[in-house]
């Protein structure tokens, strides 16, 4: 049973319109491919990221992917997939994976929304902040496996350790 009239729900903002405001405030380059798609470029400490947002009105869901700007060579993929499984055990939101065809590491999350007006700018800011934070935290472990030849267990122990306090 719908609690709001069809007319009212059509007047609500598309979550990508709010995201576009966030992107503009951060001065990130972006492309609004369509009403329901937004692609953003963001620089991180370790690499650049491409953020993809897709709004599925029929599901009331915002699909979000952050893709790293580096590919994983075929011979390293099994070790990186094992690393992503170890990292995913530590995540509360979203997950990492490696594209089976292109070898691109990515972070993915889907936010369900009961209606368009239930997604706030604060939720979107948190979504982007958490994704970029987790990508920055994961990247050194990825490099330990890909470039340093470390095992996934060694890489996660070295790169993903939680620090206590400040030095």
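Of note:
- Conditions (1) at pLDDT 90 or above; (2) under 18 Å from residue 111 (Cβ atoms): number failed by residue 59: (1)
- Of the residues making up the range 95-107, none is in contact (Cβ under 8 Å) with a residue 60 or more places away in the chain and touching a strand residue (DSSP E or B) at 6+ places or on another chain (Cβ under 7 Å).
- Residues in the range 67-82 that are in contact (Cβ under 8 Å) with a residue 24 or more places away in the chain and part of a helix (DSSP H, G or I) were compared, and the one that is surrounded by the fewest Cβ atoms within 10 Å (Cβ to Cβ) is 74.
- Checking each residue of the range 29-37 against the condition of being under 18 Å from residue 131 (Cβ atoms), at pLDDT 70 or above, touching a helix residue (DSSP H, G or I) at 6+ places or on another chain (Cβ under 6 Å) and not in a loop (DSSP other than H, G, I, E, B) gives at least one match.
- Residues that are without any contact (Cβ under 8 Å) to a residue 24 or more places away in the chain and out of contact with any strand residue (DSSP E or B) (no Cβ under 7 Å at 6 or more places or on another chain) within the range 15-62 comprise 17, 24, 25, 26, 27, 34, 35, 43, 58, listed in sequence order.
The values are calculated or read from the model by the stated rules, or taken from the named source; none is laboratory data. Source: prediction; values computed, not measured. Cβ coordinates were reconstructed from backbone atoms using ideal geometry, including for glycine residues, and neighbour counts include every protein chain displayed.
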